[in-house]
Amino acid sequence: LYAQEPSKPQAPPLRKKKPAGQPQEDQDRPKEQTAISVSVELVSMQVLVTDQKGNVITGLTPQHFTVYEDNVKQEISHFAPVDANITAVLLVEYSKQVSWFIYEVWNAIYGFANSLRPGDWVAVIGYDIRPTILCDFTQDHAKLQDTLRRFNYPAFSESNLADALIDTLDRVEEIEGKVAIILVSTGLDTFSRHTYDEALKKCKAANASVYAIGLGQNFRLRYESYLPPEVNMDFLMADNRLRTFAEYTGGEAYFPRFTTELPSIVTNISNQLRNQYSLAYASSNTKRDGKYRKIRVDVTADINNDGKPDKLKIMTRKGYQSKEL
């Protein structure tokens, strides 16, 4: 993906600066380091803290956070509350698999588009047999609306989710700041060249957070008793794909049964992306063995001022893939 010229004089999401002598156009491509990234020995992540009812908790300090890597406590070297603009990719399934749920697709993508603020950046990718970039990163709301109108009637039967997700994660891998992939999908995968395990491995190593909106829940609710057992099993596996992709990237998966749920889901995703804490630490494990390292973040805070620590929910990545020599 490449940054588009905005309608207002505001800088697009950029790649990290490259050494002198490399073309400036390469330097100006989007560069992502979303939920977690590893540069030398520095590990950074975005952390969302809510109460048990899902209300976002703000005003916390570094003293409230404890980070563990493979159960070893780490020293936090960077901390900042984040109330920032959104950089997101709408990754939308648009094959004949969604023909029965076409209004869910439209409600989801238009709902997210309408939640964007002037400073937000968004790109749009549709996928069926292959992913197609329909709109590069833009802040032009009119251009975005024109792009979404291209989602009219599906042409292909294939829905290659693993291929589309891996391709999108590759494209946003080097974008600076937090980047989210809003995945609007049934979770079905009909003919991908890549396997589910390969897509999951990519999620574990990726820097982007995946927020999945599962399609077809109402259809399944109404016709579940009429569907063959193998079809119901396919749908259950599809839900599990979406849930796992989100879980390992520090995002969240939603499975609305009614279109009336979509506005609150979109608002929830927007709030999560805008109200996160940025943490970083230098890993005490200096081995470059290429292994997956688990991360746990604990938050201890007395939000209710009753003298007791409150039970809080923490959303962040489960870990990261260490570099290998």
### Task
Using amide H atoms built 1.01 Å from N in the peptide plane, name the residues 5+ places from T190, or on other chains, whose amide H lies under 5 Å from its own.
S159, N160, L161
### Summary
Computed over the chain, the relative contact order (Cα-Cα under 8 Å, seq sep at least six) in percent reads 28 percent
### Task
Report the antiparallel proportion of the DSSP beta bridges in the chain as a percent, rounded to a multiple of 5.
65 percent
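What net charge do the residues around I102 carry, taking every other residue with its C-beta under 13 Å from that of I102, with Lys and Arg at +1 and Asp and Glu at -1?
Local net charge: -1.
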### Query
By how many degrees, 0 to 90 and rounded to 10, does the Cα axis of helix 229-249 deviate from the longest principal axis of the chain?
30 degrees
### Value of [θ]222 nm, deg cm²/dmol, for the chain, DSSP H segments ≥ 4, -39500 (n - 2.57) each, nearest 500
-8000 deg cm²/dmol
### Task
Work out from phi, with θ = phi - 60° and the Karplus expression 6.51 cos²θ - 1.76 cosθ + 1.60, the ³J(HN,Hα) of each residue of the stretch 264-278, listed in order in whole Hz, and give x for Gly and Pro.
5, 5, 4, 4, 5, 4, 4, 4, 5, 5, 8, 10, 10, 9, 9
### Query
Residue-wise, which Karplus ³J(HN,Hα) couplings in Hz belong to the stretch 146-151, taking 6.51 cos²θ - 1.76 cosθ + 1.60, θ = phi - 60°, and x for glycine or proline?
4, 5, 5, 5, 6, 7
### Query
Helix 196-205 versus the longest principal axis of the chain: what is the Cα-based angle in degrees, 0 to 90, to the nearest 10?
30 degrees
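First check a/c for the stretch 170-269, with a ≥ b ≥ c the square roots of the eigenvalues of its C-alpha gyration tensor; if it is under 1.5, answer rounded, and if not, answer prolate when a/b is larger than b/c or oblate otherwise.
Note, shape of the stretch 170-269 comes out oblate.
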### Message
For the stretch 261-325, take the convex hull of the Cα atoms, compute a quarter of its surface area, and give me that in nm², please.
### Response
7.2 nm²
### Where the Cα pairs of the stretch 95-247 fall when distances are cut into 5 Å bins, in %
2, 9, 18, 22, 21, 15, 9, 3, 1, 0
### Query
Considering amide H positions built from the backbone, and no H for Pro or chain starts, which residues 5 or more places from G126, or on another chain, come under 5 Å of its amide H?
V92, T132, L134
### Under Karplus coefficients 6.51, -1.76 and 1.60, residue-wise ³J(HN,Hα) of the stretch 119-135 in Hz, glycine/proline x
x, 7, 10, 9, 10, 10, 10, x, 9, 9, 6, 8, x, 10, 6, 8, 7
### Query
Using Cα atoms only, what is the angle between the long axis of helix 102-114 and the major principal axis of the chain, expressed in degrees (0 to 90) to the nearest 10?
40 degrees
### Shape metrics for the chain, restricted to C-alpha atoms - Rg then Dmax, Å
19.9, 64
### Message
Quick check: residue separation of E230 and T259 times 0.36 nm, minus the Cα distance between them. What number comes out in nm?
### Response
7.8 nm
### Query
For the charge dipole of the chain, defined by +1 on Lys and Arg C-beta atoms and -1 on Asp and Glu C-beta atoms about the Cα centroid, which residue among T260, V105, G59 has the Cα displaced farthest towards the positive pole?
G59
### FRET efficiency for T132 and D302, using Cβ-Cβ distance with R0 set to 56 Å, rounded to 0.05
0.65
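Any read-out appearing in this document is the output of simple, stated calculations on the displayed coordinates, not a laboratory observation. All values derive from a computational prediction rather than experimental measurement. Please note: Cβ atoms are built from the backbone with ideal geometry, for glycine as well, and neighbour counts cover all protein chains shown.
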